[in-house]
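Enquirer: Questions regarding the structure given below will be posed in turn.
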Amino acid sequence: GSTAEAYAAACYDDLDADAVTLSPYLGWDAVAPFVTGARAGKGCFVLCATSNPSAEEVQTASVRAGVAAACADAGAWGARTPASSRPLGLVVGATKPDAVRAARSANGDAWLLAPGVG
């Protein structure tokens, strides 16, 4: 809604970013302002499986699979994203190889941002 729109304006208009990292937990309404309308062509990386130790408290395998599938080009969010902003990227911690494999299996199109490498 209006908060996500204000954040998108700050990121892209004020800070001149080309892509941002977003939380999926607010749903499509919070992602859409970053990749649709005047911001089509911008990119985003949606948190899928972060590498911090307590992530498992909320990022279950089924939640991660749902995020990866929704972001796929044919998924619920990917299908609503203009082609110029696809594929929606995923943040998947490199220290979680099973999560990386699962995200790639659910969404072969996604760019992966893999913290923990290097």
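The values are calculated or read from the model by the stated rules, or taken from the named source; none is laboratory data. Everything quoted here is computed from the prediction, not taken from an experiment. Quick note on the areas: whole protein, heavy atoms, side chains included, nothing else; ligands and nucleic acids left out. Shrake-Rupley method; radii C 1.70, N 1.55, O 1.52, S 1.80 Å.
Enquirer: Once you've got the GNM for the chain with C-alpha springs shorter than 10 Å, pick whichever of Ala55, Ala32, Ala74 has the biggest mean-square fluctuation.
Expert: Ala55
Enquirer: Please calculate the 1.4 Å probe accessible area of Asp18, with all protein chains present, and give it to the nearest 10 Å².
Expert: So the heavy atoms of Asp18 present about 110 Å² to solvent.
Enquirer: Can I ask one more? Heavy atoms of the protein only, probe of 1.4 Å, neighbouring chains included. What is the accessible area of Asp14 in Å², nearest 10?
Expert: Its accessible surface works out to 120 Å², give or take rounding.
Enquirer: I've got another one for you. Using helices alone, I'd like the mean residue ellipticity at 222 nm for the chain: each DSSP H run of four-plus residues gives -39500 (n - 2.57), total over residue count, nearest 500.
Expert: Numbers: 4 runs with 36 residues, N = 118.
Value at 222 nm, helices only: -8500 deg cm²/dmol.
Enquirer: Would you mind checking the radius of gyration and Dmax of the chain based on alpha-carbon positions, in Å?
Expert: When restricted to the Cα atoms of the chain, Rg and Dmax are 13.6, 38 Å.
Enquirer: How far is helix 61-71 tilted off the main Cα axis of the chain, in degrees rounded to 10, range 0 to 90?
Expert: Helix 61-71 and the main axis of the chain meet at about 30 degrees.
Enquirer: Same structure again: I want to verify a result. In a Gaussian network model of the chain, Cα cutoff 10 Å, which of these has the top mean-square fluctuation: Pro24, Pro87, Pro97?
Expert: Highest fluctuation among the options: Pro97.
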